[in-house]
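Inspection log for the structure reproduced underneath, given as structure tokens.
The values are calculated or read from the model by the stated rules, or taken from the named source; none is laboratory data. These numbers come from a predicted model, not from an experiment. Don't worry about glycine lacking a Cβ; one is built from the backbone with ideal geometry, like all the others, and counts go over all protein chains shown. Ligands, DNA and RNA are stripped out before the accessible areas are found, and what is left, the full protein with its side chains, is counted by its heavy atoms. Shrake-Rupley method; radii C 1.70, N 1.55, O 1.52, S 1.80 Å.
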Amino acid sequence: MDEPVHDTPRPLPLAGLRVLDVTQVMAGPVCSMLLADLGADVIKIEPPGTGDQTRGAMGFKMKGPDSMGFLNMNRNKRSLALNLKSPAGRDLLLDMAETADILVENYRPGVMARLGLGYDAMRARNPGLIYASISGFGQTGPWAKRPGYDLMAQAMSGVMSVTGHPGGPPVKAGVPVADIGCALFAVYGILSAYIGRQTSGAGQYIDASLFDSALAFSIWDTCEYWGTGQVPEPLGTANRMSAPYQAVRAADGYFVMGATNAKLWRLLCEVLGREDLFSDPRFRDIAGRLANRETLIAELETSFAAKDAETWVSELLAAGIPAGRMNTYPEAFESPHGRHREMRIEVPHPIEGSVPNIGFPVKLSGTPARVRRHAPLLGEHADEILSELGLSDEAVERLRAEGAFAA
């Protein structure tokens, strides 16, 4: 369906929302960046001197002081360096909350409350404020006070117990599933609360954790456990619900394929010329193919060894069987499809020149996300933010003298 033609671009869907981003590292900054990408005015509150820890992360240097990771998790934001350990800094954040719609923080549970910046204090200033806390294990519970990082969440949620190969050492997911998952679930909670506020007028508190988010990804594994009583174990690239559905070896290396139902299984046997497998009672249905997965894959790889991976991918796709090559990240970004989907974008930056960023993963037809700002320099927007608050030069100088902006 074609979009109507507009003389001027439509406002981004979150334009007009103000977000106070009191977060560092990954889950919090990604959450607030997703809001910023869709138009929210995100003010990043950072410790003076050092800023977000991620500014100095990673083992290589850019032209300026900020890491590539920081530059990829903080576009479309403004930065204000504010010392929340000083009474003046805390008072200023409370004042800012009066005109904000959303606050996101990821301090250890209880820290913001001890600073006088918890939900109750903020709600007293602004009953409509949506206040989201992101932590490793949630705000309550026996593990709540523990420091929480993606690695701990993957291990303690069970994700690592099903990652890797049978009998092998522990393996974490190659990407930070708990961090990114928590960022996504936090956005889901924030926008749900915002929609609800349209009728109730009331804000609310959101408790999002890496542990809960990682567990939420365990649907197949957990359902197997609840349904059979058997504790799930790692399967490499295989799948608990269907076979063959995994990486398989061809003449020159691995590729992935999946024959996940009776029709696809029949087609696969036809493409391979292996009618013997189709008629084999061990492989007659999914239950049999799962029970005899190792034998099945060994048989299939005997046939796949006749040709290279790229040829098999082409032949399987031509037959209607899902298959794909094993890409590296550079190959994925530079593939014709990755380029078409614009999954690498370039963001102009005053120090770096042009910074590659991971593109927008969701495409909106009428109000597509867009880059409006580079990832901010530390404290870059202090003057304009303070001016918007209506503070006089004298008031700003008083705050400065009281340590609001100093490390």
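Below 26 Å, Cα to Cα, which lysines can Lys63 reach? Residues fewer than 8 away in the same chain don't count.
Reachable lysines: Lys44, Lys77.
Ignoring ligands, DNA and RNA, please state the percent of accessible area on segment 215-293 from carbon and sulfur, probe 1.4 Å.
56
For segment 197-202, just list the computed ³J(HN,Hα) in residue order, Karplus coefficients 6.51, -1.76 and 1.60, θ = phi - 60°, integers in Hz, with x standing in for Gly and Pro.
Karplus values, whole Hz, x for Gly and Pro: 5, 4, 9, 8, x, 9.
For the chain, what is the relative contact order in percent, using Cα pairs closer than 8 Å and at least 6 residues apart in sequence?
Rounded, it is 20 percent for the chain.
Which value, in debye to the nearest 20, describes the size of the charge dipole of the chain about its Cα centre when Lys and Arg Cβ atoms bear +1, Asp and Glu Cβ atoms bear -1, and nothing else is charged? It would help to have the intermediate numbers written out before the result.
Values: 39 positive and 47 negative charges, 100 e Å.
About 480 debye.
Less than 16 Å apart at the alpha-carbon level, and either on another chain or at least 8 residues along: which lysines does that give for Lys263?
Those lysines meeting the cut-off do not exist here.
Could you pull out every residue, at least 5 positions away or on a different chain, whose amide H is within less than 5 Å of the one on Val347? Hs are placed 1.01 Å off N in the peptide plane, and Pro or chain starts have none.
Val355, Asn357
Per residue of segment 351-363, in order, report the coupling 6.51 cos²θ - 1.76 cosθ + 1.60 (Karplus, θ = phi - 60°) as ³J(HN,Hα) in whole Hz, putting x for Gly and Pro.
My calculation for segment 351-363 gives 10, 7, x, 9, 10, x, 10, 5, x, 6, x, 10, 9 Hz in order.
Nearest 10 degrees, 0 to 90: what angle lies between the long axis of helix 262-272 and the longest principal axis of the chain (Cα atoms)?
Between helix and principal axis, roughly 60 degrees.
Taking the Cα centre of the chain as the origin and placing charges on Cβ (Lys, Arg +1; Asp, Glu -1), which of Met33, Ile206, Phe405 is farthest toward the positive end of the dipole?
Final value for the positive-end residue is Ile206.
Let me have the relative contact order for segment 128-186, percent, based on Cα pairs under 8 Å that are six or more residues apart. Don't skip to the answer; put the middle values down first.
On the way: 49 pairs, mean separation 16.1, N = 59.
Worked out over segment 128-186, it gives 27 percent.
Just how large is the dipole of segment 177-251 about the Cα centre, in debye to the nearest 20, putting +1 at every Lys and Arg Cβ and -1 at every Asp and Glu Cβ?
220
Using a simple spin-label model with points 7 Å from Cα along the Cα→Cβ vector, what separation in nm is obtained for Thr237 and Arg249?
Placing both labels 7 Å beyond Cα along the Cβ direction yields 1.2 nm.
How far, in degrees from 0 to 90, does helix 27-37 lean away from the longest principal axis of the Cα atoms of the chain, to the nearest 10?
The answer is roughly 80 degrees.
Just the accessible area per residue of segment 297-369, please: how many Å² with a 1.4 Å probe?
Numbers: 4340 Å² over 73 residues.
That works out to 59 Å² for each residue.
Expressed as an acute angle from 0 to 90° and rounded to the nearest 10, what is the orientation of the C-alpha long axis of helix 219-228 relative to the principal long axis of the chain?
Long axis of 219-228 versus the principal axis of the chain: about 60 degrees.
Taking the alpha-carbon centroid of each part, what is the distance from segment 237-283 to segment 330-401 in angstrom?
About 46 Å separates the Cα centre of segment 237-283 from the one of segment 330-401.
How high is the relative contact order of segment 197-277, in percent, with contacts defined as C-alpha pairs under 8 Å that are six or more residues apart? Walk me through the numbers on the way to the answer.
Working: 49 pairs, mean separation 10.9, N = 81.
Reported relative contact order: 13 percent.
Longest span of the chain, sites excluded, free of GluC sites (Glu not before Pro) in DSSP loop with at most 16 other C-beta atoms within 10 Å?
99-341
Taking +1 at the Cβ of each Lys and Arg and -1 at the Cβ of each Asp and Glu, which of Leu184, Asn76, Gly116 sits farthest along the dipole of segment 65-209 towards its positive end, judged by Cα position relative to the Cα centre?
The listed residue farthest towards the positive side: Gly116.
Consider the candidate values (1) 30, 61, 9; (2) 27, 56, 15, 1, 0; (3) 22, 47, 26, 5, 0; state which one is P(r) over Cα pairs in 20 Å bins from 0, in percent computed from the structure displayed.
Recomputing P(r) over Cα pairs in 20 Å bins from 0, in percent here picks out (3).
Would you pull out the residues with amide H under 5 Å of Leu103's amide H, same chain only if 5 or more places away, H placed 1.01 Å from N?
Long-range HN contacts for Leu103: Leu20, Ile130, Tyr131, Ala132.
Let me know the charge dipole size of segment 162-303 about its Cα centre in debye, to the nearest 20, where only the beta-carbon of Lys, Arg (+1) and Asp, Glu (-1) is charged.
The calculated dipole for segment 162-303 is roughly 240 debye.
Just to confirm, what accessible area per residue do you get for segment 136-256 at 1.4 Å probe, in whole Å²? Could you put the intermediate results ahead of the total?
Numbers: 6650 Å² over 121 residues.
Per-residue accessible area for segment 136-256 comes out at 55 Å².
Return the carbon/sulfur percentage of the accessible area of segment 79-131, one whole number, probe 1.4 Å, all protein chains in place.
Within segment 79-131, the accessible surface is 48 percent carbon and sulfur.
Output wanted: per-residue J couplings in Hz (rounded whole) for segment 303-319, from phi through Karplus 6.51 cos²θ - 1.76 cosθ + 1.60, θ = phi - 60°, x for Gly and Pro.
Ordered by residue, 3J(HN,Hα) equals 7, 5, 5, 6, 9, 7, 4, 4, 5, 5, 4, 5, 5, 5, 4, 4, 8 Hz.
Check which residues have an amide H placed less than 5 Å from Asp308's amide H, if you skip close sequence neighbours.
For Asp308, the qualifying residues are Ala251.
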